[in-house]
Each structure stands twice: as structure tokens, then as C-alpha cells.
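See structure below.
Any read-out appearing in this document is the output of simple, stated calculations on the displayed coordinates, not a laboratory observation. Just so it is clear, the model here is predicted, and its values are computed rather than measured. Cβ coordinates were reconstructed from backbone atoms using ideal geometry, including for glycine residues, and neighbour counts include every protein chain displayed.
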Ligand SMILES: NC(=O)c1ccc[n+]([C@@H]2O[C@H](COP(=O)([O-])OP(=O)(O)OC[C@H]3O[C@@H](n4cnc5c(N)ncnc54)[C@H](O)[C@@H]3O)[C@@H](O)[C@H]2O)c1
């Protein structure tokens, strides 16, 4: 079968490594070309796909007629510019994470997509689309959770797995965006009212970021992401309500999924518990991207409005960390600099 | 002839007096000379139930206690609302004071306690801490001092108990009343954790705090019984040199328990986790591989008997001791908590005044 979507891949770092296997599996996609700012990485990346050419520049990749769409996993700092260039060259774009580091960057991508009649899709839904999130969703209802008041999303992974180049320190924009997307989606995207944050470099290639936010409806929200060899690995999402509380804990040795409910006598009773299970990181996103290219509308994954909201979180967190204070309004915060 | 033992009075004859104060006094260098409770029937029953010797006097007020001869120290085990005035009165009467936590209801009260210590030289007040629980705090403090964790940038406190509010366990309702308890689990247990963390970090200064509190779980009380303390507190505070503290304290949560503190530095982390098999560890990396080391345990213990032995040594020789929270430290903790509660009620970040 001939592939229906011919792809150019831009960026051969950590995200690329995760996605490669999924792309190789999906017969609807064919990879025609691969580019990375590091020529050696591009060469190595191209070898993963039998028919792919390694490009020596991004312009070369965009100039190719056998590239209909670009999957962009390059550095977060460059993603918006690269996405716009691809859209202007008449390619559809699937951006890793939320595409930009600020809502303005996401707006620029969306504007370029509109102007050129192409699809810009965002892949921040890596965790949201996973099986355990689907299980959590069956519990993340007002009936089961009651009033939600506390949410905590934590990912501490070893820096040696943080394959982005040190200057990118991408743990926060990327992994942070996945965790946020998963949590906010389960909560129905409550409005962010204010946040305060710390982002510190950690070791040679790591970073540790902590965001503490006030969400509409009185929800206190913590996002804590780190790439560090000096922390114990952790990966968990916890949502607490006054009727029930759920946790997805998928660190090695973690508890897996648990839902605990109010029980008579004001006790907390374990209602469901499932050990860790693996997840399909990319398949749904790729399918959804293809549907969008074919029909003009994506059905699953991060919507443009959600990508913009994630980018707002990231930009506010960065501003709060720089200014060392709680911030509410991005425009005002940036004007205060 | 041996010198007479120093005398102590126990003020407040409730749960903790029976379970922790009394058992520690008996084997200590102190002789229990008086028990006191504002509820006279209760203190009489206490004397009987605890089979105290006839020589132990029964009092219904601190005034009565202070009028007795041979009282060198007072152990305060009343609800927090009376800690400040009882402590100050005892200090001004020339007594040493051991007082339960939380130290007081407000930083204003803590200032008054500091002033009472200052105007009564040679007298000491120590608030109960659980700094040395599991015995790792001194080693952790040493690791920080020696720079083994590098520059500390983040501390975490997690105290979650699923159903441990006093009202869930049939305890006295004052625990749920802000006017008497000062606050919920954040005041009650949070202060223990803050004390230990601040001790390990050598009393860092805090500049601002963002906090949120939730109250809303059923209490099982009659509607007429006031219950106005928080069930869950969370916060993010900024201190000296970019240090950030995040905290969660709750005694009512629909999730598994947590009981841990951690300090992350540029070179390594310290994790004190009561729920883990290894309760105190130091983590760092060598050549990109995480290595964990057990923290050494070398502490004298934490109970009332040790406190009293140290107090006796202090009275005899002036030897400094660090088993409890002193008045200045209590002020720092109390100011921190006050700012957090204000942030939670105002819904915004609160800048902290320098309590020092
Ligand atoms: N119960 C615990 O597990 C526990 C543990 C550690 C610390 N504490 C602390 O110990 C203190 C007492 O707690 P508790 O659980 O024993 O309370 P409780 O209610 O059982 O006992 C307090 C006693 O103090 C008496 N009292 C109140 N005001 C008084 C006054 N002005 N003068 C004399 N007596 C007075 C009361 O009549 C009561 O008998 C609190 O600060 C608490 O935070 C309690």
C-alpha cells in the first residue's frame, strides 16, 4: 500500500526517538525526508526509514515535492519559526508539545496555517491519549470526585534520558506540556487564575521546574517536572476531590492506578487499584493528524485553543520564575519587565 | 544528703498529658509536684486514674500552681489558644517552660513570648518539636552545612493522612476551631515539619508565600459545633537564595498516606520519608548514575524524658540544648504559617515581613 501522507521529519532528538517506532508501524505514513540541525543526527535518523533521505538543511526538506506534511520535534525554542516556515511552504505541520512557548507563538502558527490553507496540529496529548488516562477519565467525574480542590502532576526522570541538547533543557516545555495537557483535560480545562513558579537548571543537562497555580473553582495545582540524576524517578498525577481521589502513579515500583472514595464513618476506602500498564504514546495522535489532513478537522488530541492555553501556562511560568513572584496576567507581567 | 529534685507542674490534663507528658516525667530528673486543669473534676480524675502520689497537688489554675513552693518548671499541655498566656505567666514567675505545639495562635503572641524570655534571663521556653523523629535531622543539617547537597533550591513537605482528623477519631472539637487551635493540620502537624525543615536548613528567611486551603469534608459533628479549620493546605514559598518550599498538609484525604520531607540541592537531595523502608537518605549522582546513601542516625531521641534530662542539665550548668523549638524559632514558624493562611484567604501571594 502506498502511504497517503508523505512526511518530512524535522528534529531527531529524544521525541523523535519515541515516535520513530510508531511511524514505522503506521502504513498510512511514509517518511520521505529527515532533517536535524546536527547532520550526523539527520543521517542516523534517516537510516530508521528505508526510503528517507537525509537533508542538510530545513529549506531542502521543505523544498521537496514528496513531503506533504512535517512532523516537528526540533527544539522548543525553534518550533514556532520552523512550523510557520513549513506552513508557508505549503506543508501540514504536526508540532511536538504545544508548538510554541507563548500564546503569541501558537497564534503565529495558527495564522500561518489559516493563510496557507494547511493543517497545524499539536501533539501535547501524549499522556492524555494513553490507556490509563482513559481509565482515570471514568473516575474524573463530579459524581465520583465531588468537588476537586487539589491536583498534582509530577514527573522526575533521569537526566540521562533527557536527550535534548543541554541548551534546550526541554523538560519543562515538552514533558511539562504533556503533564499539563493530561491533567487539564481530565479537569475540563479550568481557567488558570494565577501561578508562581521556579525553574532551575540541574546538573549538566537537567532542569527542575515547579509551578504552583490557582485554578478557577478553588483548585490548587502543582506541576513538578525534573530531568535529574539526583532525584528518585517519579511520574504521577493525583486529583483530589471531597468525594474521591484518583492517582495514576506510573513510576517504576509505583502503585499504578488507584481511586479512593469517601466511605461511611468518614473513612477513605480503596475502590479500584490497577498496577502499572504500558501506553501507546503516538498512535492516536498520528491517526488524528491524518484524519485532519484528510477531512480538515482533527477529532482527538490537543486542539489549537488548548495548545494556546498550554503555551500561556508555559510563558506565565517562565515569567514568574524570572520575576520570582506570583503572576496573573501575561501581558501585564511581561509589561512589568 | 542528695540535692532535692527540681519540681515540675503539668498544666492541662488531657490526652497528650496522659500519653506523653506523664510517662516522660516519671523517669526524668524532675519530680511531679502539681497537676492542673481548668476543669477541676477532670484534674482530680486524672490524679486518680494515673495513680499519682498524694503529695502531687491538684490545681484548677496556673495561679494556684505558681503559688506553690518547689515548682521550677511548667509543662503546658493545653489547647493552643492558652499556650501564650500560660507560658508568659510562667516565665514571668521565674519558671522554665516546656509547651506543646503549635506554640501560639499568631505571630503577635509569639512576639510576646519572645519578650517574656528576654525579660527573664536564665529562663528558657521550649516548644515541642518532632525534629529528631527517626533520628536523621542532625545528619541532614550537617550534610547541608558541609555543602554535600550543593545549593539547596527546593524543599518539599508532604503530610497526608487519609482519615486522621481529630473529629474522625472522636477527639475534642477544639482541634477543628480556629479560635482555639489556630488552624487545621497545617498548624497542628505542619509546624512540626516546618520546624524540622527550618532546623536542617539553618533557619532560612522566607520572602513570600502563595497558599490555598480547602475545607469541606463532613465532620460528623452536630451543625452547632464550629468546625472552621482547613482540611487541606498547600503552598509555595520563596526564601533566601532562590530557595522554594512546597508543602501539602492534610489529615483528611482520599488517597494513600504521605509523610515526608525532601531538600533538593544543586549537587544532591535529602529525603526523610516515614512511609519508606529507608527513612533517611542522601541522593546524588556519580557519572550519571543515581546513588543513594543512608543517612546516619545519631540522636538522643525525642520524648519527654530526654527533654527533661536536657532541661535539668541546662538548669544545673547552662548547657545549651536543642530538643525543642525556642521562642525565636517559634516566632519564625508562626509568622510563616500566618502569612500562608492570609495568602489562602486573600487568594494572592503574601510578602513576608522579616520576623528576625
Ligand atoms: N492529642 C495528641 O495526639 C497530641 C499530640 C501532640 C501534641 N498535642 C498537643 O497537646 C496540646 C493538648 O492536646 P490534647 O490532645 O491533650 O487536648 P485535650 O483537649 O485532650 O486536653 C487539653 C486539656 O487542657 C485543659 N485546659 C484548657 N485550657 C486550660 C487552661 N487555661 N488552664 C488549664 N487547663 C486548661 C482542658 O480542660 C483539657 O483537659 C495541644 O496543643 C495539642 O496540639 C496533642
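Data overview
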| item | result |
| --- | --- |
| Additional length obtainable on full extension of the chain from residue A:299 to residue A:252, 0.36 nm per residue less Cα span | 13.7 nm |
| Residue of A:44, A:86, A:197 that the Gaussian network model of chain A assigns the largest fluctuation, springs spanning Cα pairs under 10 Å | A:44 |
| Computed FRET value (nearest 0.05) for residue A:243 with residue A:273, which takes r as the C-beta separation and R₀ as 22 Å | 0.80 |
| Neighbouring partner chain Cβ atoms per residue of A:220-233, average, 10 Å criterion | 5 |
| Per residue convex hull volume, Cα atoms of the stretch B:279-356, in Å³ | 211 |
| Residue B:130-residue B:44 pseudo-label distance in nm [points 7 Å out on the Cα-to-Cβ vector] | 3.6 |
| For the stretch B:1-107, alpha-carbon Rg relative to the globular expectation (2.2 N^0.38 Å, N residues) | 1.00 |
| Residues residue B:203 and residue B:286, FRET efficiency given R0 of 22 Å [Cβ-Cβ distance, rounded to 0.05] | 0.10 |
| Convex hull volume per residue in cubic angstrom - Cα atoms of the stretch B:45-133 | 126 |
| Contour excess over end-to-end distance, with Cα ends at residue B:3 and residue B:298 and 0.36 nm allotted per residue | 103.0 nm |
| Burial ranking of peptide ranges B:291-298, B:18-25 (average Cβ count within 10 Å, highest at the top) | B:18-25, B:291-298 |
| Selected from A:322, A:174, A:75 as most flexible by GNM, with chain A as the system and alpha-carbon contacts under 10 Å | A:322 |
| Additional length obtainable on full extension of the chain from residue A:193 to residue A:59, 0.36 nm per residue less Cα span | 44.2 nm |
| Rg over Rh [alpha-carbon atoms, Kirkwood Rh] for the stretch A:234-323 | 1.12 |
| Per residue Cα convex hull volume in Å³ - calculated over chain B | 153 |
| Ellipticity estimate at 222 nm from DSSP helix runs (n ≥ 4, -39,500 (n - 2.57)) divided over chain B, nearest 500 | -8000 deg cm²/dmol |
| Distance (nanometres) between label positions extended 7 Å along Cα→Cβ at residue B:56 and residue A:66 | 9.2 |
| Extent along principal axes [Cα atoms of chain A; Å; largest to smallest] | 68, 50, 40 |
| Computed over the stretch A:1-151, Kirkwood Rh from alpha-carbon pairs, angstrom | 16.5 |
| Förster radius 60 Å - calculated FRET efficiency between residue A:2 and residue B:18 (Cβ-Cβ, nearest 0.05) | 0.15 |
| Pairwise label distance in nanometres, residue A:43 with residue B:225, each label 7 Å out on the Cα-Cβ vector | 7.6 |
| Largest to smallest principal axis extent of the C-alpha atoms in the protein assembly as shown, angstrom | 104, 53, 46 |
